[in-house]
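K.L.:
Once you've had a glance at the structure underneath, I'll fire off some questions.
The values are calculated or read from the model by the stated rules, or taken from the named source; none is laboratory data. Everything numeric here is computed off the predicted structure, so don't read it as measured data. Methodologically, a virtual Cβ is constructed for each residue, glycine included, from the backbone with ideal geometry; neighbour enumeration extends over all protein chains shown.
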There are 2 protein chains.
Amino acid sequence: MQKHDQDYIRRKNRSTVFELIRKHSPLSRAEIARLTGMSPTTVSRIVSELYQQDFMHEIEQTTTGVGRKAVMLHVNPGSVLSVGVEIDRSGIRIGIVDLDGKVVHSTQVTRDSRETPEATLERIASAIEELIQAEDIDRRKVVGIGVGLPGIVDYAGGSVVLSAQLGWKQTDIAGELRRLTGFEVAVDNELKVRALAEHQYGSARGSSRSVLIGFGSGVGSSLIIDGEIYRGETNSAGEIGHTVVDPGGLLCECGKVGCLQTYIAEASLVEQANKIKPIGSLEELFQARKDGEYWAASIVDRAMTFVAVTVSNIACVYNPDTVILTGKLVESFPEVRDFISDKCMDQFVWEPLRGTFQIVYSALESDGVVIGSGILAQNLFLDIDRQMEQAD
Amino acid sequence: MQKHDQDYIRRKNRSTVFELIRKHSPLSRAEIARLTGMSPTTVSRIVSELYQQDFMHEIEQTTTGVGRKAVMLHVNPGSVLSVGVEIDRSGIRIGIVDLDGKVVHSTQVTRDSRETPEATLERIASAIEELIQAEDIDRRKVVGIGVGLPGIVDYAGGSVVLSAQLGWKQTDIAGELRRLTGFEVAVDNELKVRALAEHQYGSARGSSRSVLIGFGSGVGSSLIIDGEIYRGETNSAGEIGHTVVDPGGLLCECGKVGCLQTYIAEASLVEQANKIKPIGSLEELFQARKDGEYWAASIVDRAMTFVAVTVSNIACVYNPDTVILTGKLVESFPEVRDFISDKCMDQFVWEPLRGTFQIVYSALESDGVVIGSGILAQNLFLDIDRQMEQAD
């Protein structure tokens, strides 16, 4: 065997062991040998390398049933970090995310909704730099930056194709942010990274096929199959905001008739309300309904029906085990949650699919996109060998 | 290394080499060594074993650009066979499918639409037996039977949960047919196996993410990701017939309002036509439209709109590279095809997705389900080692 091949196998084995402990810890050396098929000697050598450089620690633990104590290995969550960034219309959230998906340090930056992408990215780069210095973070532990934002994202190219919410079009995010910070950068749609976070650390843990639906300024969804984001051909899978649910209905801003988001997106609901009365937000609309204004009930009740229809349609196309509902419309108003728990499964979901999935809400809440973006960066850029060299 | 482990590796390597040649032939021995990472000696030994037992042949071929002749290996398509069965309301198609996805022998059996599952399965078992004897097929080459049928199928359990078209409910197909024939049996929904066939040998060859939509007695779809059927939690992914596309619309037989199939399934269109005039089939309905009967135009034009809406919605949720349209409504009437080619992409598909996928029609046509069922059986039951022992 060539020296080159030996090196490759050695590096690959080291990553395999590290990933295994990371995802399934606590594990004993014997279990690692069994799961990987590696010899006990190889496993011991790799573990001791990782151990010496602070990537993991041991805990003596009584294994179930046998009573004999075993030495179990745990990854040190802080040994590798990433930066998760959420860009929204009027604000930016930045967090340092560890290997357990915890936000260990964070900061927020306001954003003028009309500022250019360049200005926003410069403010992000400065804020990351300040956070790293303020918290005295070892830069060598940071593997990269993940960015989550609303809109259509060219994931492979690291750029925004179109974000109506941010007013950005054909914007290179990864290249610019890499130039400004020196870190590797990955970019994705906010719902895709949020779904990843809920699957890995939130309310869809252990799910094989979960769909996150976001009812916010638009409507979208993201399917996670066996822990991986299902992206589709152009990273647009799950763009249900423009599925047609009423061909005789309202004209959508996209030029088609009857798109789901015309019945359900915040801006659309507020716009409809303004035909009757000046209304500035969903909160005001729901208050009007509470005050007995029947036009507000018409708008809200129709929206709730479409929320339930959306869950049902998602179940038919993706046949998931878990549906995660997120966004202001479903999270902030108890009347909507009540409607969903009372009627959604029993009246709206197609009979053969009733009970085949659970409906849950976000566990990570406002940290979801930051955590998901951090995971994205860890998944892409975590190179345990480079980290080990840098730790030397 | 234990003797047991050596055997396991030897068998695994043999399958690997066989599958590689099967899927990517022609291949040279050197290419196989490079692709598998096996040593040239191991590759040569395995190839000569497979070669001796008639699983493959060699062709001397000039490789492009170099001019030097190389010996390329091809699998003998007839060395392994499976039986593909399509069960429909009034007929059964049975085919012997080879490793190239070709139907090498076939037969058809009529079916009384009211006959019991037991009677149908007995007739299938007899017909398979007759076909094997009549064509003098070596039983040892037949790895198993695949069955495709309309309805909800418990794929893992090999049974039909509910087939409205066949009138079957909670019916064990695999167990019964295995008992009757002695062969291994796999069962799946007809659209899922048809999609598999079109992906592997038909109009979606080379696609990474294709969706087949069937507009027939119901409406359904099937997503193939990287050559594998996406099944979802209960093998119901793609059941778009009961997605709601008009919450103020017609009552569906499922008890919900506005399901897609109420606007588009053959039975539903014929039923609507009968409010005006006795109409027995789609053909008569389309003839009435041609004859200038405006009520027929109302029904058909609405159906065509919903066909286009379906394609658009499918593109939004699955973001495929290929959409395959099948079923009488889109295959038998040129006016529907014209409508799709004129309007579907430009008027109905959401603008960011235009041009991201191709719309194609079935290449395998009426053989699709038989071929797909045959492939399903080959994928599941092809055990090259057992085949080699039997060929000895």
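K.L.:
Checking the conditions here, which among B:R123, B:R111 is at pLDDT 95 or above, assigned by TED's automatic domain parsing to the domain that holds B:I375 and either over 21 Å from the mean Cα position of the chain (by Cα) or surrounded by fewer than 22 Cβ atoms within 10 Å (Cβ to Cβ) (or both)?
P.N.:
Among B:R123, B:R111, only B:R123 is at pLDDT 95 or above, assigned by TED's automatic domain parsing to the domain that holds B:I375 and either over 21 Å from the mean Cα position of the chain (by Cα) or surrounded by fewer than 22 Cβ atoms within 10 Å (Cβ to Cβ) (or both).
K.L.:
Take the residues in region B:255-264 that are crowded, with 24+ Cβ neighbours inside 10 Å and outside any helix (DSSP H, G or I); name whichever of them is nearest to the other protein chains (Cβ to nearest Cβ).
P.N.:
Filtering first and then ranking leaves B:C259.
K.L.:
Please find, among B:L353, B:L364, the residue that is among the hydrophobic types (A, V, I, L, M, F, W, C) and over 30 Å from A:G151 (Cβ atoms).
P.N.:
Answer to the check: B:L364.
K.L.:
Quick test of your reading of the structure: A:V103 fulfils all but one of (1) buried (at least 17 other Cβ atoms within 10 Å of the Cβ); (2) without any contact (Cβ under 8 Å) to a residue 24 or more places away in the chain. Name the failing condition by number.
P.N.:
(2)
K.L.:
Let me ask something else about it. Among (1) more than 30 Å from A:T107 (Cα to Cα); (2) away from every other protein chain (no Cβ under 12 Å); (3) acidic (D, E), there is one condition A:D301 misses while meeting the rest; what is its number?
P.N.:
Status for A:D301: all satisfied but (2).
K.L.:
Taking the condition of a type in the set (K, R) and over 24 Å from B:G258 (Cα atoms), does B:K290 pass?
P.N.:
On the way: of a type in the set (K, R): yes; over 24 Å from B:G258 (Cα atoms): yes.
Considered against the rule, which asks whether it is of a type in the set (K, R) and over 24 Å from B:G258 (Cα atoms), B:K290 comes out as yes.
K.L.:
Could you list all residues from region A:362-374 that are part of a helix (DSSP H, G or I) and closer than 22 Å to A:P320 by Cα?
P.N.:
If the condition is that a residue be part of a helix (DSSP H, G or I) and closer than 22 Å to A:P320 by Cα, then A:E365, A:G368, A:V369, A:G372 are the ones that fit.
K.L.:
In addition: Take the residues in region A:136-156 that are over 21 Å from A:G372 (Cβ atoms) and of a type in the set (D, E); name whichever of them is modelled with the highest pLDDT.
P.N.:
Going residue by residue through region A:136-156, those that are over 21 Å from A:G372 (Cβ atoms) are A:136, A:138-140.
Checking which are of a type in the set (D, E) leaves us with A:136, A:138.
Values: A:D136: 96, A:D138: 93.
Step by step, filter region A:136-156, then rank; the result is A:D136.
K.L.:
Can you tell me which residue within region A:45-96, out of those that are surrounded by 15 or more Cβ atoms within 10 Å (Cβ to Cβ) and among the polar types (S, T, N, Q), is modelled with the lowest pLDDT?
P.N.:
Among those residues, the one meeting the criterion is A:Q53.
K.L.:
Which of the residues that make up region B:166-183 are buried (at least 18 other Cβ atoms within 10 Å of the Cβ) and assigned to a loop (DSSP other than H, G, I, E, B)?
P.N.:
Those that are buried (at least 18 other Cβ atoms within 10 Å of the Cβ) and assigned to a loop (DSSP other than H, G, I, E, B): B:L166, B:I173, B:F183.
K.L.:
Right, another one. Within region B:85-97, identify whether any single residue is under 21 Å from B:A377 (Cα atoms), touching a residue at least 12 places away in the same chain (Cβ under 8 Å), assigned to a loop (DSSP other than H, G, I, E, B) and assigned by TED's automatic domain parsing to the domain that holds B:Q378, and answer yes or no.
P.N.:
yes
K.L.:
Right, here's the next one. Output the residue which, of all residues in region B:317-341 that are within 14 Å of chain A (Cβ to nearest Cβ) and not in a helix (DSSP H, G or I), is surrounded by the most Cβ atoms within 10 Å (Cβ to Cβ).
P.N.:
The extreme case among them is B:P320.
K.L.:
Filter region B:285-308 down to residues that are acidic (D, E) and not in a helix (DSSP H, G or I) and give me whichever is surrounded by the most Cβ atoms within 10 Å (Cβ to Cβ).
P.N.:
My answer is B:E293.
K.L.:
If you don't mind, there's one more thing I want to ask. Going through A:I359, A:I314 one at a time, which residue ends up being within 14 Å of chain B (Cβ to nearest Cβ), in a helix (DSSP H, G or I) and touching a strand residue (DSSP E or B) at 6+ places or on another chain (Cβ under 6 Å)?
P.N.:
On the way: A:I359 fails: in a helix (DSSP H, G or I).
Criteria check complete, one pass: A:I314.
K.L.:
Now a separate question. I'd like the full set of residues that are among the β-branched types (V, I, T) and either away from chain B (no Cβ under 14 Å) or touching a helix residue (DSSP H, G or I) at 6+ places or on another chain (Cβ under 6 Å) (or both), limited to region A:157-211. Even if it seems obvious, please write down each step before you answer.
P.N.:
Our first condition is that a residue be among the β-branched types (V, I, T); within region A:157-211, this holds for A:160-161, A:171, A:173, A:181, A:185, A:187, A:193, A:211.
Residues satisfying the conditions are A:T171, A:I173, A:T181, A:V185, A:V187, A:V193, A:V211.
K.L.:
Please state which of the following conditions B:I225 fails to meet, knowing it meets all the rest: (1) crowded, with 24+ Cβ neighbours inside 10 Å; (2) of a type in the set (A, V, I, L, M); (3) facing chain A (nearest Cβ under 9 Å).
P.N.:
For B:I225, the exception is condition (1).
K.L.:
Separate question: Give just the number: which of (1) farther than 17 Å from B:V211 by Cβ; (2) more than 11 Å from every other protein chain (Cβ to nearest Cβ) does B:M345 not satisfy?
P.N.:
Against the list (1) farther than 17 Å from B:V211 by Cβ; (2) more than 11 Å from every other protein chain (Cβ to nearest Cβ), B:M345 comes up short only on (1).
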